[in-house]
Amino acid sequence: MKLYDLKAGTNPRRVRIFLAEKGVTVPTVAIDMMKGENRTPEFLALNPLGTLPVLELDDGTILTESIAICRYFEELHPEPNLFGRDALERAQVEMWNRRAEIELLAPVTQHFVHSSPFWQGRRKQVPEYAPLVREQALAAMAWLDRELDDRPYLAGNHYTVADITAQSALLLGKNTGIALAGDHKNLGRWWIEVSARPTARA
Ligand SMILES: N[C@@H](CCC(=O)N[C@@H](CS)C(=O)NCC(=O)O)C(=O)O
């Protein structure tokens, strides 16, 4: 088994945190985007989208998509549970992970792509789009702050993959000009807690 990784990438970070929470070590192949290693014919044969993470199994089977990879490891290593323990919990984790991806990670990512010189020549940029998605990301943070008023973690009383998605999104926002507002007490408390986990820098 091999995990193709991109050290600075938000989605590969989701998988690295997940694996660290499980205490699972997987041999990794570091891909250097600056050298265009994710656009070589060899890499595109693994994942035609040219994105990371990619998991290659011993029989050559390829898995892409962070959450699909995480689900695979959840099945192989059920403890600690990160996707929910019963029908209701699993639905709640799915709901909150999807919301964290769609409402927070997507606008933060789009803001980065459309505002940063890093993406010049890599992606088509529409600079006018950046302030719009920035506003969406800030609105999502305000909403999550209200949600976290009555529970410690996004999907309830336990840290789950939904928190991993949200903390990875907030870290990208912090590094790309969408900082968490100081008056978001609940989200701020949650952020300090998830950032202090030993796995947060995986
Ligand atoms: N939905 C995918 C997104 C993968 C993705 O966009 N990865 C980024 C790194 S965070 C990437 O590889 N970008 C390279 C590129 O767009 O050229 C997932 O969750 O795995």
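The values are calculated or read from the model by the stated rules, or taken from the named source; none is laboratory data. This one's a predicted model, so the numbers in the text were calculated from it and none came from an experiment. For neighbour counting, all protein chains shown are included, and Cβ atoms are generated from backbone atoms with ideal geometry for every residue, glycine included.
Taking ALA20, is it at pLDDT 95 or above, within 9 Å of the ligand (Cβ to nearest atom) and out of contact with any helix residue (DSSP H, G or I) (no Cβ under 6 Å at 6 or more places or on another chain)? Criteria not met by ALA20.
Return yes when ASP59 is more than 9 Å from the ligand (Cβ to nearest atom), farther than 23 Å from TRP119 by Cα and free of Cβ contacts under 8 Å to residues at least 12 places away in the same chain and no when it is not. Yes: the conditions hold for ASP59. Checking LEU144, LEU170, LEU138 one by one, the residue that is among the hydrophobic types (A, V, I, L, M, F, W, C), under 17 Å from THR199 (Cβ atoms) and either touching a residue at least 24 places away in the same chain (Cβ under 8 Å) or within 15 Å of the ligand (Cβ to nearest atom) (or both) is LEU170 and no other. Considering each residue of the range 112-121 in turn, at least one proves to be β-branched (Val, Ile, Thr), surrounded by 18 or more Cβ atoms within 10 Å (Cβ to Cβ) and either closer than 23 Å to GLY50 by Cα or at pLDDT below 95 (or both).
Please work out if SER66 is touching a Ser or Thr at 6+ places or on another chain (Cβ under 9 Å) and more than 15 Å from the ligand (Cβ to nearest atom). Answer is no for this residue.
Selection of the range 92-132 for residues being acidic (Asp, Glu) and free of Cβ contacts under 8 Å to residues at least 40 places away in the same chain yields GLU94, GLU128.
Within the span defined as the range 76-85, one or more residues are in contact (Cβ under 8 Å) with a residue 40 or more places away in the chain, small (Gly, Ala, Ser) and more than 12 Å from the ligand (Cβ to nearest atom). Only a single item in (1) modelled with pLDDT under 95; (2) under 28 Å from THR25 (Cα atoms) is not met by ARG90, and it is number (1).
Taken as a whole, the structure places ARG13 among residues that are within 12 Å of the ligand (Cβ to nearest atom), assigned by TED's automatic domain parsing to the domain that holds LEU63 and within 14 Å of ILE69 (Cα to Cα).
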